[in-house]
Amino acid sequence: QVQLVESGGGLVQPGGSLRLSCAASGIFFRVYDVAWYRQVAGKEREWVAGISSGGSTTCLDSVKGRFTISRDNAKNTVYLQMNSLKPEDTAVYYCKVSLIRSEYWGQGTQVTVSS
């Protein structure tokens, strides 16, 4: 059974930092591409950042220089380091793993940026 468990969300002031984690089980994690998405209520889910099985990374222009995606295959975990957070980063953040036609999603973790 495949399971993705996100953690690390919470309430943070503007300019603050959070590190999200997504721990995977039930898959051979190292061969999967992984991505972080976010969603605000009433809006479509938005891709934020991705990391390939080979370690190549890409991210949304609006988070470039502030967010960093990384993975630790030994721990079956992907991270999203978020710095200089802004109120517009407030959303539920989801991780997704994908391989060819298979994909799995986590349950999401809430990030709220507010003073």
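Quick notes
- Strands (runs of 3 or more DSSP E) contained entirely in segment 62-106, each with at least 3 residues that are in contact with a Leu (Cβ under 8 Å, 6 or more places away or on another chain): 67-72, 77-82, 91-99
- Enumeration of residues in segment 22-42 that are surrounded by fewer than 20 Cβ atoms within 10 Å (Cβ to Cβ) and aliphatic (A, V, I, L, M): ALA23, ILE27, VAL31, VAL40, ALA41
- Total residues in segment 1-54, condition of a type in the set (A, V, I, L, M), over 20 Å from THR112 (Cβ atoms) and part of a loop (DSSP other than H, G, I, E, B): 2
- Residue check, LEU80 modelled with pLDDT of 95 or more, crowded, with 16+ Cβ neighbours inside 10 Å and touching a Lys or Arg at 6+ places or on another chain (Cβ under 8 Å): yes
- Selected residue (only one of ARG45, ARG71, ARG101, ARG19 is open to solvent by 30 Å² or more (accessible area, probe 1.4 Å), over 16 Å from the mean Cα position of the chain (by Cα) and basic (Lys, Arg)): ARG101
- Pairs where the first residue, in segment 90-115, is under 17 Å from GLN1 (Cβ atoms) and the second is crowded, with 21+ Cβ neighbours inside 10 Å and of a type in the set (Asp, Glu), C-beta under 8 Å, 6+ apart: CYS95/GLU6; GLY106/GLU6; GLN107/GLU6
The values are calculated or read from the model by the stated rules, or taken from the named source; none is laboratory data. This one's a predicted model, so the numbers in the text were calculated from it and none came from an experiment. So basically every Cβ, Gly included, is an ideal-geometry build from the backbone, and we count neighbours across all protein chains shown. Only protein heavy atoms, including side chains, enter the accessible area calculation; ligands, DNA and RNA are left aside. Shrake-Rupley method; radii C 1.70, N 1.55, O 1.52, S 1.80 Å.
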